[in-house]
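Below is one structure; the comments refer to it alone.
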Amino acid sequence: MPTSIQSFLSRIPELRDADQRAFLYSDLDQQRIDNPEGYQEALKFWTQLLLSACQHGLLSAAPRTPQPRLNTTLASSDEDDEDEDD
């Protein structure tokens, strides 16, 4: 079992072949338009690779960043403005 993401990736034959690697790292949006079959292959490859890396414990969830909160000051000042118009 690989102990690092680098050793895991080094065992992936598609990433060792320069042409295959270039294809896999190319712009997926452009592939979707120009080469739908290639796009599906690349999408399947990356999905399987990421799932496998997760199953090996090589990827973990990124720390959650706090979500921006609604600025209640703005909301209450808007209400105050409406009251003044009455």
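Miscellaneous remarks
- Qualifying residue in segment 58-80 (condition: modelled with pLDDT of 70 or more and not polar (S, T, N, Q)): yes
- Neighbours by Cβ (under 9 Å, 6+ apart or cross-chain): first from segment 42-55, within 17 Å of P13 (Cβ to Cβ); second of a type in the set (V, I, T) and surrounded by fewer than 13 Cβ atoms within 10 Å (Cβ to Cβ): A53/I5
Per-residue answers, yes or no, for (1) part of a loop (DSSP other than H, G, I, E, B); (2) among the charged types (D, E, K, R); (3) surrounded by 12 or more Cβ atoms within 10 Å (Cβ to Cβ):
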{"site": "L15", "(1), (2), (3)": "no, no, yes"}
{"site": "Q31", "(1), (2), (3)": "no, no, yes"}
{"site": "Q40", "(1), (2), (3)": "no, no, yes"}
{"site": "K44", "(1), (2), (3)": "no, yes, no"}
{"site": "Q48", "(1), (2), (3)": "no, no, no"}
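The values are calculated or read from the model by the stated rules, or taken from the named source; none is laboratory data. Predicted model only: the values in this text are computed from it and were never measured. With ideal geometry, Cβ positions are generated from the backbone for all residues, glycine too; neighbour counts draw on all protein chains shown.
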